[in-house]
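Visitor: Supplied in structure tokens, the structure appears directly below.
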Amino acid sequence: MLRNMVTSLLDHERIRTTDAKAKEVRRVAERMITLGKRGDLHARRRALRVIRRREVAAKVFDELADRYRDRPGGYTRVIKLGHRAGDAAPLSLVELLPGAAAKAAAGAKPAGKGAGKTAPKKGEPEKKAKKAKAPAAARGEKPAPARKAAGKKSPAKKGATRKADARKSGGRKTTRRKSDD
């Protein structure tokens, strides 16, 4: 089954399957592409042990090896899709990433913070920057009430602390015992 799924992924470049199968298919498919990048006879024979069709193996060694030549790994991605209606199995989409040539042709955007921002074009009004709020006293409003002392806890705070304690203890209920003092 795994060999068939890897062959389908390399042929169609996208398959839909369960999360667990997707993670396993990803490992094997990336190994096949790495073998394709090596390109020697031994690598081709090792790849043909897994890949079921010679046409797909030829695609791996010719097309995909060239596409990912400069990439050191990470040729696939797994996208979670949700749950299947019949048995509620978690589904994922496994797909091959576009190569460097495809990114260059599409005009790849720079990654990072503020990457999508561009300067306004001529004739377009500039967006106004958000003004920082002045303190409440300066605006003529009533200031927010001061926080209570650190030693005293309100009843709502006690409940929140118990929930946080339960999370820390792995969901086990903790009992508090009163001392004999």
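Any read-out appearing in this document is the output of simple, stated calculations on the displayed coordinates, not a laboratory observation. What you are looking at is a predicted structure, and each value in this text was computed from that prediction instead of being measured. No Cβ is skipped: glycine too gets one built from the backbone with ideal geometry, and neighbour counts run over all protein chains shown.
Visitor: For the subset of segment 67-77 comprising residues that are out of contact with any Asp or Glu (no Cβ under 8 Å at 6 or more places or on another chain) and touching a residue at least 24 places away in the same chain (Cβ under 8 Å), which member is farthest from Met1 (Cα to Cα)?
Guide: Taking the candidates together, the pick is Asp70.
Visitor: Which of (1) surrounded by fewer than 13 Cβ atoms within 10 Å (Cβ to Cβ); (2) over 21 Å from Met5 (Cα atoms) is the odd one out, the single condition Arg45 does not satisfy?
Guide: Going through the list (1) surrounded by fewer than 13 Cβ atoms within 10 Å (Cβ to Cβ); (2) over 21 Å from Met5 (Cα atoms), Arg45 breaks only (2).
Visitor: Would segment 37-45 turn up any residue that is over 28 Å from Thr18 (Cβ atoms) and of a type in the set (Asp, Glu)?
Guide: Yes; the residues of segment 37-45 include at least one that is over 28 Å from Thr18 (Cβ atoms) and of a type in the set (Asp, Glu).
Visitor: Turning to a different aspect of this structure: Given (1) within 23 Å of Gly99 (Cα to Cα); (2) of a type outside the set (Phe, Trp, Tyr); (3) surrounded by fewer than 16 Cβ atoms within 10 Å (Cβ to Cβ), where does Ala57 come up short, assuming only one miss?
Guide: Only one criterion in (1) within 23 Å of Gly99 (Cα to Cα); (2) of a type outside the set (Phe, Trp, Tyr); (3) surrounded by fewer than 16 Cβ atoms within 10 Å (Cβ to Cβ) is unmet by Ala57, namely (3).
Visitor: For segment 73-88, name all the residues that are touching a helix residue (DSSP H, G or I) at 6+ places or on another chain (Cβ under 6 Å) and not aliphatic (A, V, I, L, M).
Guide: Result: Tyr75, Thr76.
Visitor: Could you list, in sequence order, the residues of segment 80-100 that are surrounded by 12 or more Cβ atoms within 10 Å (Cβ to Cβ), within 16 Å of the chain's Cα centre (by Cα) and within 13 Å of Thr18 (Cβ to Cβ)?
Guide: Leu81, Pro90, Leu91, Ser92, Leu93, Val94
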